[in-house]
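Novice: Got a structure here, written out as structure tokens. Questions coming.
The numbers here are math on the coordinates, done by the rules we state, and not lab data. Worth saying up front: this structure is predicted, and the values here are computed from it rather than measured. So basically every Cβ, Gly included, is an ideal-geometry build from the backbone, and we count neighbours across all protein chains shown.
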Amino acid sequence: MADPIELMLADLSNSYADTKVSNAFLRLYVSDSRFDRTFASLHERLNGHFESINDRAETTRHYWAEQSREMLTLIKEVTNFLDSLKHAGMQVNLAECYADAMKNCQSWLVRSGGSAIPDDFEQITIIKYEPVFSRSETEIKLRKSSQRTQLQLIGEGSYAKVFSFVDPDYGIKFAVKRAKSDLSGRDLYRFQQEFEILKRLRFPYIVEVFQYDAARNEYQMEFCESTLRKYIKKRNNTLSFSSRKRIALQFLYGVNYIHTEGLLHRDVSLQNVLVKTFDGGAVLVKLSDFGLAKDKNSEYTRTKTEMRGTYRDPALERFKDYGVRNEIYSIGWVLSYIFSGREVLLSQNDAPSQIVRKCTAHDVAHRYGSVRELIGDVEGMEATPLPTDAPA
């Protein structure tokens, strides 16, 4: 059975399908594909009457009989249209000055003999270059600040600098990653591809990016307060096993997600894992820096590439052959740091050490075959004292 609300909306839209409307008004409503012609038609006709009324108010102070009837009919048409949309659950707002003008005109317009324009009539403000109808659930007015925003340098690598700033519209801190001016064409391409990769990824444990500025070769991204290295180093003596486990799992969930998306990070490190902190001590781990990422759907990543990355797997001879088990190797180093706070591989007989050893086994075939398998072992770990080779 057809939805009666949907039928009503279709009828409202279709009733204006053949109405002739000037492009000067259609262009104001291009964002609403369903009611663009309806809004434009009503807007154009209201303007026509308002302009005529303004003109007559300065001359004869009399509005013609036929036009008076047309204006009264138009007022009723607009009112019924807005009421119908409201009944369908769509709140459409009419500009306040137009709503007031319709109400005032209705008080003196008559259907026969023409209408006398009252002596206290005030000229109606005509809106030509902005929409007077707006869908409230899809629009928001943002303050556009003209003040210059100061960037603060917060990090620098071989290929880019990272700055932070507070957006004046939102009052929220964002980060800007800007490619260095002396990058080779190949590295600049990788920087641009990094943005494109991150733009299509949507996951809680992947850093979010927003827009790319081709003129400056930079892009905006969410701000994270710390790298994983700095976060754990600062709290290593007080960080509980359960907190370390949560951090480890968030990190692994992020890596597993990109693997399911056909990506290999190829530079998993303590610097490329960020931490977003919240009041009360909660944290959110975010994978970042996808400049070396390998996309199985991209031929570009399969051409000759020199060995790069912080934790280089000694079992890997050519970077182009990099696979999941090579990624597992670098993951092992990060997990070791998460559970010990030291940048050496765990070597005890506890569960974290056993997991790290399996990640970094000299024989690649003995390593975890997938991050999902690794996640299962980490999730199964029970709270135990920190390894004896960890600082007290």
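Novice: Once you have the Kirkwood Rh of the stretch 4-138 from its Cα pairs, apply Stokes-Einstein at 20 °C and 1.002 mPa s and quote D in µm²/s. Write down the numbers at each step before the final one.
Specialist: Working: Rh = 15.7 Å.
It comes out at roughly 136 µm²/s.
Novice: Between Glu208 and Leu284, 0.36 nm times their residue separation minus their Cα-Cα distance comes to what? Provide the component values of the computation, followed by the final result.
Specialist: Working: separation 76, 0.36 × 76 = 27.36 nm, distance 1.24 nm.
Result: 26.1 nm gained on full extension.
Novice: Could I ask something else about it? Give the distance, in whole Å, between the Cα centre of the stretch 172-244 and the Cα centre of the stretch 73-109.
Specialist: 49
Novice: Take the Cα atoms of the stretch 171-295, find their three principal axes, and give me the spread along each one in whole Å, biggest first.
Specialist: If we take the Cα atoms of the stretch 171-295, the spans are 45, 35, 24 Å.
Novice: Starting from 0.36 nm per residue, how many nanometres of slack lie between Ile126 and Lys76 once their C-alpha separation is accounted for?
Specialist: Details: separation 50, 0.36 × 50 = 18.00 nm, distance 1.98 nm.
Working it through step by step, the gained length comes to 16.0 nm.
Novice: Something else: Output needed for the stretch 226-379: three equivalent-ellipsoid semi-axes, defined as square roots of 5 times the C-alpha gyration tensor eigenvalues, in descending order, whole Å. It would help to have the intermediate numbers written out before the result.
Specialist: On the way: eigenvalues 128, 64, 36 Å².
Each semi-axis is the square root of five times an eigenvalue, giving 25, 18, 13 Å.
Novice: Something else: I want the antiparallel fraction of DSSP beta bridges within the chain, as a percent rounded to 5. List each step's numbers first, then the result.
Specialist: On the way: 34 of 35 bridges.
DSSP beta bridges in the chain are roughly 95 percent antiparallel.
Novice: Applying the Karplus parametrisation 6.51 cos²θ - 1.76 cosθ + 1.60 with θ = phi - 60° to the phi angles of the stretch 78-93, what ³J(HN,Hα) value in whole Hz is obtained for each residue in order, glycine and proline being reported as x?
Specialist: In residue order, the calculated couplings are 5, 4, 5, 4, 5, 5, 5, 5, 4, 4, 7, x, 10, 8, 10, 9 Hz.
Novice: Given labels modelled 7 Å from the Cα in the Cβ direction, how far is it in nm from Glu225 to His362?
Specialist: Label-label distance for Glu225 and His362, simple model: 4.3 nm.
Novice: About its Cα centre, what dipole magnitude does the chain give when the only charges are +1 on Lys and Arg Cβ and -1 on Asp and Glu Cβ, stated in debye to the nearest 20? All intermediate terms of the calculation are to be shown ahead of the outcome.
Specialist: On the way: 54 positive and 53 negative charges, 349 e Å.
Roughly 1680 debye, rounded to the nearest 20.
Novice: May I ask for log10 I(q)/I(0) of the chain at q = 0.10, 0.11, 0.12 Å⁻¹, from a Debye sum over the Cα atoms as equal point scatterers with solvent left out?
Specialist: Each listed q corresponds, in turn, to -0.79, -0.86, -0.94.
Novice: Extending each Cα 7 Å along its Cβ direction at Phe241 and Lys20, get the distance between those two points in nm, one decimal.
Specialist: 8.2
Novice: Tell me whether the stretch 152-222 comes out rounded, prolate or oblate; compute the Cα gyration tensor, take square roots of the eigenvalues as a ≥ b ≥ c, and use a/c under 1.5 as the rounded threshold. Spell out each step's value before the answer.
Specialist: Values: a/c = 1.90, a/b = 1.28, b/c = 1.48.
Oblate.
Novice: Please give the length that would be gained between Lys103 and Gln354 if that part of the chain were fully extended, namely 0.36 nm times their separation in residues minus their C-alpha to C-alpha distance (nm, one decimal).
Specialist: Numbers: separation 251, 0.36 × 251 = 90.36 nm, distance 7.80 nm.
That pair, Lys103 and Gln354, stretches by 82.6 nm at full extension.
Novice: Here is a further query. With +1 on each Lys and Arg Cβ and -1 on each Asp and Glu Cβ, and nothing else charged, work out how big the dipole of the stretch 226-379 is about its Cα centre, in Debye to the nearest 20. Working shown, then result.
Specialist: Numbers: 25 positive and 17 negative charges, 81 e Å.
Around 380 debye, computed over the stretch 226-379.
Novice: So which lysines can Lys173 reach, going by Cα to Cα under 23 Å and dropping same-chain residues fewer than 8 places off?
Specialist: Lys141, Lys144, Lys161, Lys199, Lys230, Lys234, Lys276, Lys286
Novice: Below 8 Å, C-alpha to C-alpha, sequence gap of six or more: please give me the relative contact order for the chain in percent.
Specialist: Values: 541 pairs, mean separation 38.1, N = 392.
Over the chain, the number comes to 10 percent.
Novice: With point charges of +1 on the Cβ of Lys and Arg and -1 on the Cβ of Asp and Glu, referenced to the Cα centre of the chain, which listed residue (Leu345, Ser330, Val176) lies farthest in the positive direction of the dipole?
Specialist: Leu345
Novice: Another one. Determine which lysines satisfy two conditions relative to Lys358: a Cα distance under 21 Å, and not lying fewer than 8 residues away in the same chain.
Specialist: Reachable lysines: Lys245.
Novice: Work out the charge dipole of the chain with +1 on the Cβ of Lys and Arg and -1 on the Cβ of Asp and Glu about the Cα centre, then indicate which of Asn54, Ile232, Ile5 is farthest towards its positive end.
Specialist: Ile232
Novice: Near Lys180, within a Cβ-to-Cβ distance under 12 Å, what is the net charge of the other residues, with Lys and Arg +1 and Asp and Glu -1? Could you put the intermediate results ahead of the total?
Specialist: Numbers: positive: Lys161, Lys177, Arg178, Arg216; negative: Glu156, Asp182, Asp187, Glu218.
Surrounding charge for Lys180 is 0.
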